[in-house]
Amino acid sequence: MNNIQRLAFWPVVIIVASIFYLLNIPAGFLIGSLCVGMYCSFFIKNTKVTKQVFPVALGLIGISLGSAVDVPLIWDSIMRFGWAIVFGIAATIGCGLVLAFILHRSTSIDKKTAVYSFIPGGASEVLGLADRDGANISIVAAFHSVRVILFVGFIPVFVGVGAGQGTRTRVIADILSLGASILPIVLILFAAISVHYLFPIPAGPLLFSTIIMVLLAPFASFEVPVLLAGIGQMLIGASVGLRFNRETLQTLREIKWTSIGLVVSMVGMTILIGVAFSLWARVDVFSAVLGWIPAGAGEMSSTAIVLQLDEMTVITVQLIRLYTVFFCLPLFVYWLNK
């Protein structure tokens, strides 16, 4: 990738993502930038983005979430969901283990690699542990890349069409509002990312920017437009799209295309978990599905904001799922090494 192509990458991402958004495609910023990222990954060599892009994207989404957070409502939701959340976590982890068992028995992949390939969430942490634990890191990375691509590419469209929601097209008003609020947003973003580097945890920028925004909300005099979450989606979509490259595709070919069927099965199982959770907890079914999708708390929360769904349910369930899996990782390591 030469300097001209590198300079052109983000303008092209912005143009294509904006076209998708203006065409009222569900999660248009996310899907449009994802398409650009995947195209560049396959056809333009050495296309990369700086590693700071993802934390910035999560921070922007967290600011957007924090501006709408109602703390008593979130606490009430946690108390109200109760056993429904326990069911969702157990079902999500259980489905991952079942699929890992099928992968191990139907291919030559060892048990460690199979299990790490289907741990539902915390991809960066899972890859780090898998590498240290002696699993085949290229296979684990391939499975997680395909899982994220499938979920991020399919679920927002599925939910948007199913809920009958398109994206909002108040572009000019949102841009003007964003311009007037840019300084406090940049300061909050800088503070959240700084805290994350001091205390690195999964989805740290998302969590810390949400908390900072909640704390500042009673004193804030600026508006946070929905477009901010869309910008976060655009940055995430381009980054995720670049992960799926020719090497990933070749790895999947080597371990049989039936493995793709297992990843697709994970999509179907997760949708069923979301539907069951919605019936149990009596929440909107599409918000419940977004809440249980193991493809990034930031991606799914921003989709809920842009599609005007119940973002409080989505972020609550996503963060509980993410941190439960994160704290259970040492147990997975212990079990795999028994």
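The values are calculated or read from the model by the stated rules, or taken from the named source; none is laboratory data. Remember, predicted model here, so these are calculated numbers, not experimental data. All Cβ positions, glycine included, derive from the backbone under ideal geometry; neighbour counts span all protein chains shown.
One table, with the values for the structure above:
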read-out: Sole residue being under 20 Å from G268 (Cβ atoms), hydrophobic (A, V, I, L, M, F, W, C) and touching a residue at least 24 places away in the same chain (Cβ under 8 Å), chosen from I85, I78, I93; value: I93
read-out: Unique match (being among the hydroxyl-bearing types (S, T, Y), touching an Asp or Glu at 6+ places or on another chain (Cβ under 7 Å) and at pLDDT below 80) among S221, S177, S259; value: S177
read-out: Any pair with Cβ under 8 angstrom, 6 or more apart, that starts in segment 43-72 at a residue that is more than 11 Å from M213 (Cβ to Cβ) and ends at one that is at pLDDT below 75 and not in a helix (DSSP H, G or I); value: I44/M1; K45/M1; N46/M1; T47/M1; K48/M1; L58/A203
read-out: Filtered residues of segment 33-63 (kept if under 16 Å from P11 (Cβ atoms), outside any loop (DSSP other than H, G, I, E, B) and modelled with pLDDT under 85); value: none
read-out: Single condition G166 does not satisfy, out of (1) touching a Gly at 6+ places or on another chain (Cβ under 7 Å); (2) at pLDDT below 80; (3) surrounded by fewer than 23 Cβ atoms within 10 Å (Cβ to Cβ); (4) part of a helix (DSSP H, G or I); value: (4)
read-out: Residue match in segment 96-115 (condition: surrounded by 22 or more Cβ atoms within 10 Å (Cβ to Cβ) and under 20 Å from I201 (Cβ atoms)); value: no
read-out: Selection count, segment 69-88, where residues are at pLDDT 75 or above, β-branched (V, I, T) and closer than 17 Å to E311 by Cα; value: 1
read-out: Cβ pairs under 7 Å, 6+ apart, first in segment 173-192 and of a type in the set (S, T, Y) and part of a helix (DSSP H, G or I), second at pLDDT 65 or above and buried (at least 18 other Cβ atoms within 10 Å of the Cβ); value: S177/P225; S181/V224
read-out: L22 vs. criteria within 28 Å of W280 (Cβ to Cβ) and out of contact with any Pro (no Cβ under 9 Å at 6 or more places or on another chain); value: no
read-out: Within segment 201-215, considering residues that are at pLDDT 85 or above and not β-branched (V, I, T), the one surrounded by the most Cβ atoms within 10 Å (Cβ to Cβ); value: S209
read-out: Qualifying residue in segment 69-87 (condition: assigned to a loop (DSSP other than H, G, I, E, B), surrounded by fewer than 22 Cβ atoms within 10 Å (Cβ to Cβ), over 17 Å from the mean Cα position of the chain (by Cα) and charged (D, E, K, R)); value: yes
